[in-house]
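Worksheet: the structure to be examined is printed underneath.
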Amino acid sequence: EDETAPKRVAALLQQLGPTYVKIGQMLAARSDLLPSDWTTEFARLQADAAPFPWLDARQVIKAELGRTPEEAYASIEEEPFAAASTAQVHRATLADGTLVAVKIQRPQIVAKTKADLGVMQELAKTAEQRFAIARRVGIRKVVGEFASGVLEELDYRNEAYHARRLADSMAKFEQIHIPVVYEDLSSSRVLTMEFVNGIKIADPEPL
């Protein structure tokens, strides 16, 4: 009760689950619609998530790659390097010593997301029936586009495809490097990419 409204809403979105966190993450970029104290709190949703247990991560890797983490990688850190609403990232090395980032999807996240999206679509339908502003905005269409985007994002084969296309497009620029995707160690729920240190584009001081 002592917290500000933006903090309370951000906490509410976290409690509601990953699909609602995604909404907060989208709103974090809408400084044209929201005051800075709101966008600042929603921006924290992009990285502040509790990790899931290593045993669960290990099972996802084995189910997706057909190999245990010990068989797929020369080494892999059980403690995640970062955790977000739909996945977490572990540092690992390949047999030749290459450092990689292994993005592992949260267990049951697709089923949970589909259930949340179903609720949102029903609410949008009801809103259009009852409120003129919802009809003017076309809230059902907005929610539908959000739903298709979220589900596409949960299939890491799409991310790998776009990474390869980006690398092809940028190949002529020597100053630009796109992290390599290791396709034999990637699937719809596991993505293995070259580990590259970087700075957030929203962090201007180091840049």
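Met120 passes every criterion in (1) open to solvent by 40 Å² or more (accessible area, probe 1.4 Å); (2) over 21 Å from Arg58 (Cβ atoms); (3) of a type outside the set (S, T, N, Q) apart from (1). Yes or no: Asp155 touching a residue at least 24 places away in the same chain (Cβ under 8 Å), in contact with a Gly (Cβ under 9 Å, 6 or more places away or on another chain) and not polar (S, T, N, Q)? Against the criterion (touching a residue at least 24 places away in the same chain (Cβ under 8 Å), in contact with a Gly (Cβ under 9 Å, 6 or more places away or on another chain) and not polar (S, T, N, Q)), Asp155 does not qualify. Residues in the range 148-174 that are of a type outside the set (D, E, K, R) and over 14 Å from the mean Cα position of the chain (by Cα): Ser148, Tyr161, His162, Ala163, Leu166, Ala167, Ser169, Met170, Ala171, Phe173. On the basis of being part of a loop (DSSP other than H, G, I, E, B) and either at pLDDT below 95 or polar (S, T, N, Q) (or both), does Leu12 make the cut? Against the criterion (part of a loop (DSSP other than H, G, I, E, B) and either at pLDDT below 95 or polar (S, T, N, Q) (or both)), Leu12 does not qualify.
Against the conditions (1) surrounded by fewer than 13 Cβ atoms within 10 Å (Cβ to Cβ); (2) closer than 28 Å to Glu64 by Cβ, where does Arg130 fall short? Just the number, please. Only one criterion is unmet by Arg130, namely (2). The condition (being more than 26 Å from Leu151 (Cβ to Cβ) and among the acidic types (Asp, Glu)) is satisfied by just one residue among Glu64, Glu70: Glu70. May I ask you to list the residues in the range 32-55 that are at pLDDT 95 or above and within 12 Å of Arg106 (Cβ to Cβ)? Pro53, the sole residue that qualifies. Of everything in the range 56-87 that is part of a loop (DSSP other than H, G, I, E, B) and at pLDDT below 95, the residue that is farthest from the chain's Cα centre (by Cα) is Phe81.
Results for (1) touching a residue at least 24 places away in the same chain (Cβ under 8 Å); (2) of a type in the set (A, V, I, L, M, F, W, C); (3) within 13 Å of Ala57 (Cα to Cα); (4) open to solvent by 30 Å² or more (accessible area, probe 1.4 Å), shown as yes or no for each residue.
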position: Tyr73; (1), (2), (3), (4): yes, no, no, no
position: Glu77; (1), (2), (3), (4): no, no, yes, yes
position: Val89; (1), (2), (3), (4): no, yes, yes, yes
position: Lys114; (1), (2), (3), (4): yes, no, no, yes
position: Ala124; (1), (2), (3), (4): no, yes, no, no
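When the criteria are applied in full, Ala82 fails the requirement of being of a type in the set (Gly, Ala, Ser) and more than 16 Å from Phe52 (Cβ to Cβ).
Residues in the range 148-207 that are within 21 Å of Gln88 (Cβ to Cβ), open to solvent by 80 Å² or more (accessible area, probe 1.4 Å) and polar (S, T, N, Q): Asn197 alone.
The values are calculated or read from the model by the stated rules, or taken from the named source; none is laboratory data. This structure is a prediction, so every number in the text was calculated from the model and none was measured. Here Cβ is always computed from backbone atoms with ideal geometry, including for glycine, and neighbour counts include all displayed protein chains. Areas reflect the complete protein model, heavy atoms only, side chains present, ligands, DNA and RNA absent. Shrake-Rupley method; radii C 1.70, N 1.55, O 1.52, S 1.80 Å.
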